[in-house]
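The block underneath contains the structure these notes are about, expressed in structure tokens.
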Amino acid sequence: MHLRHSATSPYARKVRVLAQEAGLSDRIELHDDNPMGPGSDLSSINPLGKVPALILDDGMVLCDLPVICQYLDSLHDGEKFTPESGSARFADLNLEALADGLLDAALARMVEMRMRPENLRWEGHHKRMRAKISRTLDHFESMITDGSLPSVPVDQRPTLGIIAVGCALGYLDLRFAVDNWREGRPGLTSWYETFSARPSMQDTRPPES
């Protein structure tokens, strides 16, 4: 399989972390891509023109992050990264949705601040995205307190929702370190310190840019 990705994309990182945790990394060839670069042919492969995109051995292209993750979760023989049934399944799907939503808000904020011409920036939109991020982080902190976001030792398998939270926090460190999301969130800070030490997270750390 071939994964079109960007080394700084938190969405692509989520796929790479899952692949490593599932023991599938050696089946995936990485192709670094800048979707906004003038020489990129990504839109001819994925009409949405975004990463990640996974090209299967038979030529089929999976274009959507949840679809790619579910596909990879179907390829291994171990316990599934998304629980298969019951309340645990929907709790983890909800956790994943919250983490992905945080990423969406962070990316929108980054585009507004770093890519849009200054005279066209909408401060109200920026404030809304920042508030979404803050509320979601506070929610994760409360989940640490009530035990619904457990710490996962390195020798235990994380769920996909937990992977999504870890990648989202890593992206905040990459793009918004000045905000110091850790302030006032000691539980989440400790949780991330443990999770980010996993080999899959260390091996997929994005370059500073």
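The values are calculated or read from the model by the stated rules, or taken from the named source; none is laboratory data. Everything numeric in this text was worked out from a predicted model, so none of it was measured. We place every Cβ from the backbone using ideal geometry, glycine too, and count neighbours over all the protein chains shown. Surface areas here come from the heavy atoms of the whole protein model, side chains and all, with no ligands, DNA or RNA. Shrake-Rupley method; radii C 1.70, N 1.55, O 1.52, S 1.80 Å.
In segment 17-81, carbon and sulfur make up what percent of the accessible area (probe 1.4 Å)? Working shown, then result.
Working: 1810 of 3550 Å².
Within segment 17-81, the accessible surface is 51 percent carbon and sulfur.
Work out which helices of the chain, taken as complete DSSP H runs, extend at least 24 Å along their axis over the Cα atoms and score a mean Kyte-Doolittle of -0.5 or more, then list them.
Values: long enough: 86-110 (37 Å, 0.48); 123-146 (35 Å, -1.13).
Those that clear 24 Å and a mean of -0.5 are 86-110.
If amide H atoms are built 1.01 Å from N in the plane of the peptide, which residues on other chains or at least 5 residues away come under 5 Å of the amide H of ALA53?
Residues meeting the amide H criterion: ARG4.
For a protection proxy built on the mean count of beta-carbon atoms within 10 angstrom, sort 193-204, 152-163 highest first, please.
My ranking of the peptides, most packed first, is 152-163, 193-204.
With all protein chains present, calculate the accessible area of SER148 using a 1.4 Å probe and round the result to the nearest 10 Å².
Spelled out: SER148, probe radius 1.4 Å, area about 60 Å².
Find the accessible area per residue for the chain; the probe is 1.4 Å, ligands and nucleic acids are left out, and the unit is Å².
Details: 10730 Å² over 209 residues.
Each residue of the chain exposes 51 Å² on average to a 1.4 Å probe.
Rg/Rh for segment 126-196 to two decimals, with Rh computed the Kirkwood way over all alpha-carbon pairs. Walk me through the intermediate numbers first.
Working: Rg = 12.0 Å, Rh = 12.6 Å.
Reported Rg/Rh, Kirkwood definition of Rh: 0.96.
Take the Cα atoms of segment 1-159, find their three principal axes, and give me the spread along each one in whole Å, biggest first.
Taking the Cα atoms of segment 1-159, the three principal extents are 53, 45, 25 Å.
Output ³J(HN,Hα) for segment 50-55: one whole-Hz value per residue in order, computed from phi by the Karplus curve 6.51 cos²θ - 1.76 cosθ + 1.60 with θ = phi - 60°, and x for Gly and Pro.
Whole-Hz 3J(HN,Hα) from phi for segment 50-55: 9, 9, x, 9, 10, 9.
How much mean residue ellipticity at 222 nm does the chain get from its helices, if each DSSP H run of length 4 or more adds -39500 (n - 2.57) and you divide by all residues, to the nearest 500 deg cm²/dmol? Before the final figure, lay out each step's value.
Numbers: 8 runs with 104 residues, N = 209.
For the chain, the value works out to -16000 deg cm²/dmol.
Mind jotting down the three principal axis lengths of segment 81-209 based on Cα atoms? Whole angstrom, largest first.
Its Cα atoms span 49, 30, 27 Å along the three principal axes.
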